[in-house]
Amino acid sequence: MEHEVFVPVTVERLREALGDPVRVARAVPGLQQDAGADPVAGRLKVRVGSHSITYRGAVRVTGRDDGSYAVEGDATETRGTGSVTLALTLRLRDTEAGTTLTFDGTATADGRVTELPQDAVGSAVVRLLNRFAEALGETEEEPEQPEVQPETPEAVETPEPEEPPAPPVDDFTEPAIPPAEAAHARRTMIGRSAEEVDHAPPRGRYAPVPAPQTVAAGATLRWAAPAAAVVLASAIVVTRVLRKRR
């Protein structure tokens, strides 16, 4: 197989990335590294058409005297007996505004991958190499950030909180209105003054029984005087009539 990928990155930058196994492992798309193992070792899920096959293995990148790199890898299926062996040569060629990576070599496989269409397998390999080359150009060693000691803030005097002003106290020594007007206002508001309420006689079952009314002498004289006057006038008239007859 032979495949070329253009990356808008300088050759020197790619050589630095290929010389660091940690950055190479970071560039392998979908690699889940095994704890305590080599940097470029772990599980890798490869999607071929509508199928997915998960492999467990390792990849080694070694520089050669002619400036090329040997890429060797082997892996086995996590759910099967199939295996894959990879032997590629990677060359870097300086081009305008970037670098061209050329992959050529062989790959052998058995197991589930051999049951899938060859064009789907070829497309999956090309897609894997493209993503690896692009990620290799993007990975950069993060510069160590100098540890910055937090500055100790100077002691600042905190002003004491001011006490809130006391609420105004109303002066009750002098009445707001004259006493007479106040009593009149109270009488108008409640209908009767407090004194009238205190001295009002009780009502209901506890009300006092009124004394029997007596006929006063003045009332009798008022009815007797008109009657006596009528009798007297009648006597005078009778006397005059008798005198005339004699």
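The values are calculated or read from the model by the stated rules, or taken from the named source; none is laboratory data. Everything numeric here is computed off the predicted structure, so don't read it as measured data. When we count neighbours, we look across all protein chains shown, and the Cβ atoms used for this are built from the backbone with ideal geometry, even at glycine. Side chains are part of the model used for accessible areas, which takes the heavy atoms of the whole protein and leaves out ligands, DNA and RNA. Shrake-Rupley method; radii C 1.70, N 1.55, O 1.52, S 1.80 Å.
Run the quick spin-label model on Arg93 and Arg240: label points 7 Å from Cα toward the beta carbon, then report their separation in nm to one decimal.
17.4 nm
May I ask you to list the residues of the stretch 105-122 whose amide nitrogen lies under 19 Å from a point 7 Å from Cα along the Cα→beta-carbon direction of Arg47?
113, 116-122
Working out 0.36 nm times the residue gap between Ala233 and Ser83, then minus their Cα-Cα distance, what length gain in nm do you get to one decimal?
So the extension gain works out to 37.7 nm.
With the full set of protein chains in place, find how many percent of the accessible area of the stretch 1-136 is carbon and sulfur; take the probe as 1.4 Å.
Exposed carbon and sulfur together represent 49 percent of the surface.
Averaged per residue, what accessible surface does the stretch 1-126 expose to a 1.4 Å probe, in Å²?
In whole numbers, the stretch 1-126 has 57 Å² accessible per residue.
What shape does the stretch 1-114 take by its C-alpha gyration tensor, where a ≥ b ≥ c are the square roots of the eigenvalues and a/c under 1.5 counts as rounded, a/b above b/c as prolate, and the rest as oblate?
Because a/c hits 1.5 or more and a/b exceeds b/c, the stretch 1-114 counts as prolate.
In nm, give the distance between the simple-model label positions of Ala70 and Asp119, each being 7 Å from the Cα along the Cα-to-Cβ direction.
The two pseudo-label positions are separated by 3.6 nm.
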